[in-house]
1. I'd like to check which strands (runs of 3 or more DSSP E) are fully inside segment 1-98 and have at least 1 residues that are in contact (Cβ under 8 Å) with a residue 12 or more places away in the chain, of a type in the set (K, R) and under 27 Å from R151 (Cα atoms).
2. Listed residues I191, I168, I185; which is modelled with pLDDT of 95 or more, of a type outside the set (K, R), assigned to a strand (DSSP E or B) and out of contact with any Asp or Glu (no Cβ under 6 Å at 6 or more places or on another chain)?
3. Is it true that E46 is closer than 22 Å to E103 by Cα and surrounded by fewer than 18 Cβ atoms within 10 Å (Cβ to Cβ)?
4. Based on this model, can you work out whether I105 counts as crowded, with 20+ Cβ neighbours inside 10 Å, touching a helix residue (DSSP H, G or I) at 6+ places or on another chain (Cβ under 8 Å) and not in a helix (DSSP H, G or I)?
5. Test A59 against the criterion of being at pLDDT 95 or above and buried (at least 20 other Cβ atoms within 10 Å of the Cβ), and give yes or no.
6. Which condition number in (1) of a type in the set (A, V, I, L, M, F, W, C); (2) closer than 17 Å to V85 by Cβ; (3) within 16 Å of the chain's Cα centre (by Cα) is the one that F133 fails?
7. If I go through segment 137-170 residue by residue, how many of them are over 28 Å from I105 (Cα atoms) and of a type in the set (A, V, I, L, M, F, W, C)?
8. Looking at (1) more than 14 Å from F159 (Cα to Cα); (2) surrounded by 24 or more Cβ atoms within 10 Å (Cβ to Cβ); (3) of a type in the set (A, V, I, L, M), find the lone condition where A129 falls short.
Amino acid sequence: MEIFLDTANLDEIKEIVPWGIMNGLTTNQKIFSKEKGVNFREHVSEILSLVDGPISIEAPANDVDGIVKAAREYSSWNEKIVVKVPMLANGDGLRAVSILKEEGIKTNVTVLMSTNQVLLSALAGATYASIFFNRVRDYGDDAERVLRESRTILDRGNFETKIIAGSIRKPEDVVEVATAGAHIITIPYKILVQMPYHQKTVETLEEFDKAWVEFKKGERRN
């Protein structure tokens with residue numbers, strides 16, 4: 001089980017990296033759009049300097065040639081870069097993944113909503129397959145079932161493709177996708193920073209602190 005951070009914000013990355021729990025990072029066009037007034041390549045370079053792990057960057061194209069062109073460029077910047085490829089209804093995304101696999105370029109097939117899409121991604125040679133957990137639910141499907149089925153198929157088929165569970169909206173989602181079989185969970189900063197907190201933990205630590213203060217007051221001095 002691995003945790004990725006779902007952000008392109010440098011301050012968020014700098015805060016989370018020292019926790020020692022972050023194995024990689026994911027982005028997309030919407031995430032990058034929140035970073036106003038930055039140069040794309042320079043910003044990616046700054047992210048690369050902070051993160052010791054795979055960094056997913058999406059190819060902003062919807063055809064084979066455009067995806068492959070962007071993938072070749074992005075992957076040339078650094079070996080840590082994984083190119084996100086959209087699951088297109090006409091199969092162009094899969095065609096692009098197949099080409100990039102032959103060239104040794106790592107891919108993350110994204111916006112997956114069904115087990116069939118995950119299977120096709122693995123067959124095409126994707127490094128990662130990203131299931132959008134809560135968007136599957138928004139559609140009315142059973143997101144946990146999709147994850148369980150996908151993990152079972154990948155394991156039985158001895159595929160190297162790893163499942164990334166994204167579209168995480170609350171801390172409880174993390175437990176659900178972890179138990180359903182995701183290899184990796186990519187979590188937004190605002191969700192991740194909530195996870196260390198539990199009211200009873202806070203109350204218990206306060207109790208221990210007060211007890212220690214009382215102990216020190218009555219401690220015998222040498």
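The values are calculated or read from the model by the stated rules, or taken from the named source; none is laboratory data. Quick caveat: nothing in here was measured; it's all calculated off a predicted structure. Using ideal geometry, Cβ is built from the backbone for each residue, glycine included, and neighbour counts are taken over all protein chains shown.
1. Qualifying strands (runs of 3 or more DSSP E): 81-86.
2. Residue meeting the stated conditions: I185.
3. Judged against the criteria, E46 is not a match.
4. When the stated conditions are applied, I105 passes them.
5. yes
6. Of the numbered conditions (1) of a type in the set (A, V, I, L, M, F, W, C); (2) closer than 17 Å to V85 by Cβ; (3) within 16 Å of the chain's Cα centre (by Cα), the odd one out for F133 is (2).
7. Qualifying residue count for the region: 1.
8. (1)
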